[in-house]
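What follows is a single structure, written as C-alpha cells, with notes after it.
Only the coordinates and a few stated rules stand behind these numbers; no lab work does. Being a predicted model, the structure only gives us computed values, none of them experimental. Note: ideal-geometry Cβ built from the backbone for every residue, glycine included; neighbour counts use all protein chains shown.
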C-alpha cells in the first residue's frame with residue numbers, strides 16, 4: 001500500500017523504498033565486475049574479496065510483479081487473494097499441475113479435526129509437532 005492507516009509517513013516511505021529496490025534488484029542484478037569494484041572501494045582485497053565475490057553477484061533479469069494500491073482495505077485484500085488464486089490456477093493449467101489437489105485438501109481437513117479441539121479449550125494440548133503446538137499456544141495467548 002502506498003498509504004498507511006497510521007500517521008508514520010516516513011515508515012511507509014521506507015517500506016515502499018525497500019519494495020521498489022527489490023524489484024529493481026531482481027531486474028538489474030549485479031555482475032562480478034560491479035561487485036569487485038564495490039568491494040575494492042570498501043577496502044577488501046585478495047582472498048577475502050574473492051571469498052565474498054560470488055555471494056554478492058546475482059544475475060538479474062528475474063521476472064517480478066510490483067503491485068501498488070492506495071490502502072490495504074478489506075476490498076483490496078479480497079482483490080489480491082482473487083488475483084493470486086487466478087495466478088495459481090493459470091500456472092497449474094500451463095504446467096499441467098492440479099493446483100486444487102483435493103486429496104491434499106482432505107489431509108488438511110483431517111489434521112484440522114485434531115487441532116480444532118485444542119483451539120476451543122485452554123486445557124492440555126494434544127500431541128502435535130512442535131511447530132503446530134507453539135502456534136496453538138500463540139493463538140491462545142493472542143485471544144486473551
Self-check item: Gaussian network model of the chain, Cα within-10 Å springs - most flexible of 97, 115, 14
Solution: 115
Exercise. Compute the relative contact order of the chain as a whole-number percentage, counting only Cα pairs closer than 8 Å that sit 6 or more residues apart in sequence.
Key: 22 percent
Quiz item: residue 138 versus residue 27, label points 7 Å from Cα toward the beta carbon: distance in nm?
Solution: 3.4 nm
Exercise. Given the options 20, 68, 119, state which has the largest fluctuation in a GNM of the chain using a 10 Å cut-off (strictly under) for Cα springs.
Key: 119
Practice problem: Please give the direction-averaged projected area of the C-alpha convex hull for the range 1-68, in square nanometres with one decimal. | Solution: 6.0 nm²
Exercise. Could you please rank 143, 36, 62, placing first whichever residue has the fewest other Cβ atoms within 10 Å of its Cβ?
Key: 143, 62, 36
Quiz item: Regarding the chain, what whole-number volume in Å³ per residue does the convex hull of its Cα atoms give?
Solution: 246 Å³
Quiz item: Which angle between 0 and 90 degrees, to the nearest 10, do you get for helix 74-95 versus the longest principal axis of the chain when only C-alpha atoms count?
Solution: 80 degrees
Practice problem: Using label points projected 7 Å from each Cα along Cα→Cβ, tell me how many nm separate residue 40 and residue 18, to one decimal. | Solution: 3.3 nm
Quiz prompt | Calculated on alpha-carbon atoms, Rg and Dmax of the range 102-143 in Å | solution = 11.0, 32
Quiz item: If the chain between residue 51 and residue 72 were fully stretched, how many nm would it gain, using 0.36 nm times the residue separation less the Cα-Cα distance?
Solution: 3.3 nm
Quiz item: Gaussian network model of the chain, Cα springs within a sub-10 Å range: biggest mean-square fluctuation belongs to which of 46, 19, 92?
Solution: 46
